[in-house]
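So the structure is just underneath, and the comments pick up after that.
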Amino acid sequence: MSQRIHRVDITDRARMVLRQMIEQHGAVLFHQPGGGCDGDAPVCLPVREFRVGRGDVLLGNLPWHTQFWMSSEQYELWKHTHLTVDVVNSRHAPEAPEGVCFTLRSRLLTDEETEALADAPPPRTGADRLA
């Protein structure tokens, strides 16, 4: 029996902050842009305020139907990486309550995870979403 491999996960603390974000703003999504200086800081925005691009890649789903998207350029760099959404304390955190902001923790996928993903269909893209 094969186990489903996830490319993205969330810590318990970040899950609580995500729930507060949804209660305040409605449905949200995460997007990890490419080429910027924010490296490990995903953007969390209300779904109605962000338009997924044709080349964006759906890395996975978090609780409450929260999608995690990544630019195709960033995906190419990180496609062998598992990401965990976490939160860190920040005095400059306009997007999240309680003085925290979202951040990413990463690790390389194991050989078993890489093999399982190689046998799976490719991840959805923004182009698939529009189809």
Does any residue of segment 72-80 turn out to be of a type in the set (S, T, N, Q) and modelled with pLDDT under 90?
no
Scan segment 98-122 for residues that are under 15 Å from residue 81 (Cβ atoms) and outside any helix (DSSP H, G or I) and report the count.
8
May I ask you to list pairs of residues, at least six apart or on different chains, whose Cβ atoms are under 8 Å apart, with the first in segment 87-105 being on the phi > 0 side of the Ramachandran plot and the second being surrounded by 12 or more Cβ atoms within 10 Å (Cβ to Cβ) and modelled with pLDDT of 85 or more?
98/17; 98/20
Pairs under 7 Å by beta carbon, first residue over 11 Å from residue 66 (Cα atoms) and modelled with pLDDT under 95 in segment 10-39, partner in a helix (DSSP H, G or I) and among the charged types (D, E, K, R), six or more apart or different chains?
17/98; 34/73; 35/73
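The values are calculated or read from the model by the stated rules, or taken from the named source; none is laboratory data. All figures in this text were calculated on a predicted structure; none of them were measured in a lab. Counting neighbours? That spans all protein chains shown, and the Cβs are built from the backbone with ideal geometry, glycine included.
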